[in-house]
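Colleague: Here it is: the structure, laid out below.
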Amino acid sequence: MFKKDELESIVLDYMKEENIPGLALGLVKDRKILYTNGFGVKNINKDEKITEETIFHMASISKTFVATAIMQLYERGKLDIYKPVIDYIPYFKLADKRYKEITIQQMLSHLSGMPDVEDYEWDNPQYDDNALERYVKSLDDIKLMWEPGEKFSYSNITYEILGDIISKVSGMTFEKYMKENILNPLEMNNSTYLKQDVPKDSLVSPHIRNKSGEIEVSNIFPYNRIHGPSSTLYSNALEICNYIIAYMNKGRYNGKEIFKEETYLKMIKPYKEIGRGNKKIGLGWFIENNGEDKDIKIMHSGEDIGFRSNLIIQPEAGKAIIVMSNYRCRGISAFSKTILDII
């Protein structure tokens, strides 16, 4: 039996321990929303309570939506994930001739050999429709760390490139494709990749710890359209639960087919062990398997200036959790697993 009081006690204890200003939580059980709620405040300088509909910056959980979009386009015959990236954006070029070998699948699984972003330029954001293509064209001085496909190394850069592929293959901006083909069909009507589309009274503020050890509102908000695909989905606990349900239903949501079951199986197939316990990487998802089907977890976390999020789905056990915080707190994975044990 679900113990709401026990759950909320654990949440409040965790927030107190980590000095978290605000947190939202969503739980799914047996393909239905079991519980959603908000705790704390959007901004420590204002008395505005967080609810299940309060919008958070989701950080790298954004990548799982990008992977879903790429696989939609794969289903529709618009691209082949096993072909080189340059087949779809010929202007993609690195300072290493091996870049011509990099496939879309390798980018999805962080197996491209490319390094990670060094500077997100959150303090100098770009907002125009050409920002993503311009960013991809600026990568021509990057060298690969090793042969494509050889090793796992997490790279936000590759997801910006994947976002640009979505745009070019679909003939619309990345953000428009995501809205029309992923978010709207999932009834995620208040979710978007464009910060300027989020009502200001719905969005939480990022919080950081200052030099004196006190929690304060960050003067930098982590948004830049050149890093939209890797980082800047804006959503809430309620709507992320719709996304979870689609994955639990192997691609179906409320009578609609968002993606095919065979696509789902491709996405959660392990492509490489990543050297941390029993974790593996699929297509956009991290996978953990303790040996039994009911224990299989597909997951992704997110972390940026002033934000932390965590998403865990146990499809065979029929339970899942989304946690989002407006502070870069620690221990969110252990916290999430504790809540999953309760349900």
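The values are calculated or read from the model by the stated rules, or taken from the named source; none is laboratory data. Predicted, not measured: the structure shown is a model, and the values here were computed from it. Here the Cβ positions follow ideal geometry from the backbone for every residue, glycine too, while neighbour counts run over all protein chains shown. Heads up: the accessible areas ignore ligands, DNA and RNA and are worked out on the full protein's heavy atoms, side chains in. Shrake-Rupley method; radii C 1.70, N 1.55, O 1.52, S 1.80 Å.
Colleague: Please list ARG308, ARG76 from largest to smallest accessible area, probe radius 1.4 Å, with all protein chains kept in place. The partial results should precede the final answer.
Modeller: On the way: ARG308 40, ARG76 120 Å².
Descending accessible area places them as ARG76, ARG308.
Colleague: Sticking with this one: Quick one: if the Förster radius is 41 Å, what FRET efficiency do LYS83 and LEU12 give, using the C-beta to C-beta distance and rounding to 0.05? Write out the running numbers ahead of the final one.
Modeller: Details: r = 50 Å, r/R0 = 1.23.
In this case the efficiency is close to 0.25.
Colleague: Which entries in LYS16/LYS46; LYS97/LYS280; LYS16/LYS42; LYS29/LYS63; LYS4/LYS250 show an alpha-carbon gap greater than 20 Å?
Modeller: Over 20 Å Cα-Cα: LYS97/LYS280; LYS29/LYS63; LYS4/LYS250.
Colleague: Still on this structure: Would you pull out the residues with amide H under 5 Å of ILE55's amide H, same chain only if 5 or more places away, H placed 1.01 Å from N?
Modeller: LEU203, VAL204
Colleague: Taking Rh as the Kirkwood radius computed over C-alpha pairs, what is the Stokes-Einstein D of segment 117-213 at 10 °C in a medium of viscosity 1.306 mPa s, expressed in µm² per second? If you can, show how the numbers build up before the last one.
Modeller: Values: Rh = 16.4 Å.
It diffuses with D of about 97 µm²/s by this estimate.
Colleague: What FRET efficiency, computed as 1/(1 + (r/R0)^6) with R0 = 35 Å and r the Cβ-Cβ distance, is obtained for ASP119 and MET172, rounded to the nearest 0.05?
Modeller: FRET efficiency, ASP119 to MET172: 0.80.
Colleague: Do you know the Lys pair count in segment 107-184 for C-alpha distances under 17 Å, with sequence separation 8 or more or different chains?
Modeller: Qualifying lysine pairs in segment 107-184: 4.
Colleague: Tabulate in residue order the Karplus-calculated ³J(HN,Hα) for segment 81-87, using 6.51 cos²θ - 1.76 cosθ + 1.60 with θ = phi - 60°, rounded to whole Hz; enter x for Gly and Pro.
Modeller: Karplus values, whole Hz, x for Gly and Pro: 5, 8, 9, x, 4, 5, 5.
Colleague: Quick check: at a probe of 1.4 Å, how many percent of the accessible area of the chain sits on carbon and sulfur atoms?
Modeller: 44 percent
Colleague: What does the charge count around ASN37 come to, taking other residues whose C-beta lies under 10 Å from its C-beta (Lys +1, Arg +1, Asp -1, Glu -1)? Mind dumping the intermediate values first?
Modeller: Numbers: positive: LYS4; negative: GLU8, GLU52.
Local net charge: -1.
Colleague: Separate question: Helix 156-170: angle to the longest alpha-carbon principal axis of the chain, degrees 0 to 90, nearest 10?
Modeller: 70 degrees
Colleague: Grab the beta carbon distance between LYS100 and GLU261, set R0 = 56 Å, and tell me the FRET efficiency rounded to 0.05.
Modeller: Taking R0 as 56 Å, the efficiency between LYS100 and GLU261 is 0.95.
Colleague: In deg cm²/dmol and to the nearest 500, what is the mean residue ellipticity at 222 nm of the chain if only DSSP H runs of at least 4 residues count, each as -39500 (n - 2.57), divided by the residue total?
Modeller: Using -39500 (n - 2.57) per qualifying helix, the result is -8000 deg cm²/dmol.
Colleague: Go from 0 up to the bin containing the longest alpha carbon distance in segment 184-343, width 5 Å each, and give me the % of pairs per bin.
Modeller: Histogramming segment 184-343 at 5 Å steps yields 2, 8, 14, 19, 20, 16, 12, 6, 2, 1, 0 percent.
Colleague: Quick check for you: with a 1.4 Å probe and neighbouring chains kept, what is the accessible area per residue of the chain, in Å²?
Modeller: Each residue of the chain exposes 42 Å² on average to a 1.4 Å probe.
Colleague: Exactly which chymotrypsin sites (Phe, Trp or Tyr not before Pro) in segment 1-93 are in a DSSP loop and have at most 10 other Cβ atoms within 10 Å?
Modeller: Within segment 1-93, the qualifying chymotrypsin sites (Phe, Trp or Tyr not before Pro) (loop, at most 10 other Cβ atoms within 10 Å) are TYR82.
Colleague: 7 Å from Cα along Cα→Cβ at both GLU180 and ASP201: what's the point-to-point distance in nm?
Modeller: Reported label-point gap for GLU180 and ASP201 is 3.1 nm.
Colleague: Using only the alpha-carbon atoms, what does segment 22-148 span along each of its principal axes? Please give whole angstrom values in decreasing order.
Modeller: 54, 40, 29
Colleague: Still on this structure, I have one more. Considering only ALA237, ALA317, ALA95, give the residue with the highest GNM mean-square fluctuation for the chain, with springs between Cα atoms whenever their separation is below 10 Å.
Modeller: Residue with maximal mean-square fluctuation among ALA237, ALA317, ALA95: ALA95.
Colleague: How much net charge surrounds TYR88 when only other residues with a Cβ under 10 Å from its Cβ are counted (Lys, Arg +1; Asp, Glu -1)? The partial results should precede the final answer.
Modeller: Details: positive: LYS78, LYS83, LYS168; negative: ASP80, ASP87, ASP164.
Here the count lands on 0.
Colleague: Related question: Work through the residues other than THR173 whose Cβ is under 15 Å from its Cβ and net out their charges, Lys, Arg +1 and Asp, Glu -1.
Modeller: Working: positive: ARG134, LYS168, LYS176, LYS179, LYS195, ARG225; negative: ASP128, ASP129, GLU133, GLU160, ASP164, GLU175, GLU180, ASP197.
Spelling it out: positives minus negatives among the neighbours equals -2.
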